[in-house]
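First the structure, in the form of structure tokens, and then the observations on it.
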Amino acid sequence: MDLIEWDDSYSVNVYLIDRQHQRIFEYANEYQKAVQNGKSESALRKLLDGLVEYAAVHFSTEERYFIQFNYKETEEHKREHKILTAKILDLSSKSRVGVSVEEDEVSNFLKIWLDAHIKGTDHKYIECFNQGGLR
Ligand SMILES: [Fe+2]
């Protein structure tokens, strides 16, 4: 079973951002599968590096729109992006081979993060972005 499955409840009603979030889900699911299959530490780290790199691209997309649409919660949101990135990097340096997915801190964090950040923090900009004409 996948770590996290996309459904409409994750949509922010902006095509590009939904696509990026879906791609991040793919990275997270790929990572979880690698943990399940007992992949090497360097393989796991490589997957996480890919995820972090892609997340950076995604965060900068959102942050560009914050400026463009003069989003009022820009600072709080950007702060959260920074914390999330730091947390994944920190966990990545501690990722261990041979733990179950249930015990794997990175998998657990990714699932909670994706769920809480998208449905909580990201969903707050929907109205602002949509009103700016972004879909
Ligand atoms: Fe975000």
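Readers should treat all values here as calculations from the given coordinates under stated rules, not as data from a laboratory. Because the structure is a prediction, the values reported are computed rather than measured. Every residue, glycine as well, gets a Cβ built from its backbone with ideal geometry; the counts of neighbours run over all protein chains shown.
Think of the chain as a dipole: +1 on every Lys or Arg Cβ, -1 on every Asp or Glu Cβ, centred on the Cα centre; then among ILE4, PHE66, ALA34, PHE66 lies furthest on the positive end. Principal-axis analysis of the Cα atoms of the chain puts helix 15-36 at an angle of about 10° to the longest axis. Charging the Cβ of each Asp and Glu at -1 and of each Lys and Arg at +1, and nothing else, the dipole of the stretch 8-131 about its Cα centre rounds to 240 debye.
Note that the stretch 104-121 has calculated 3J(HN,Hα) couplings of 6, 4, 5, 4, 4, 5, 4, 5, 5, 4, 4, 5, 6, 5, 5, 6, x, 6 Hz, one per residue in order, obtained from phi through the Karplus relation 6.51 cos²θ - 1.76 cosθ + 1.60 (θ = phi - 60°); glycine and proline are x.
For the stretch 23-126, applying the loop criterion from DSSP together with a ceiling of 12 other beta carbons within 10 Å to the GluC sites (Glu not before Pro) yields GLU102, GLU103.
Per DSSP H run of n ≥ 4, the term is -39500 (n - 2.57); total these for the chain, divide by its residue number, and report the mean residue ellipticity at 222 nm rounded to 500 deg cm²/dmol.
Values: 5 runs with 87 residues, N = 135.
So the helix-based figure for the chain works out to -21500 deg cm²/dmol.
Between the DSSP loop rule and a limit of at most 16 other Cβ atoms within 10 Å, which trypsin sites (Lys or Arg not before Pro) in the stretch 76-131 are left?
Values: sites: LYS78, ARG79, LYS82, LYS87, LYS94, ARG96, LYS111, LYS119, LYS124; in loops: LYS94, ARG96.
Those that pass, being in a loop and sparsely packed, are LYS94, ARG96.
Above 26 Å, the calculated P(r) of the stretch 8-131 contains 23 percent of its Cα-Cα pairs. Measuring between alpha carbons in the structure, the pairs from LYS33/LYS78; LYS39/LYS78; LYS72/LYS119; LYS46/LYS82 lying more than 26 angstrom apart are LYS33/LYS78; LYS39/LYS78.
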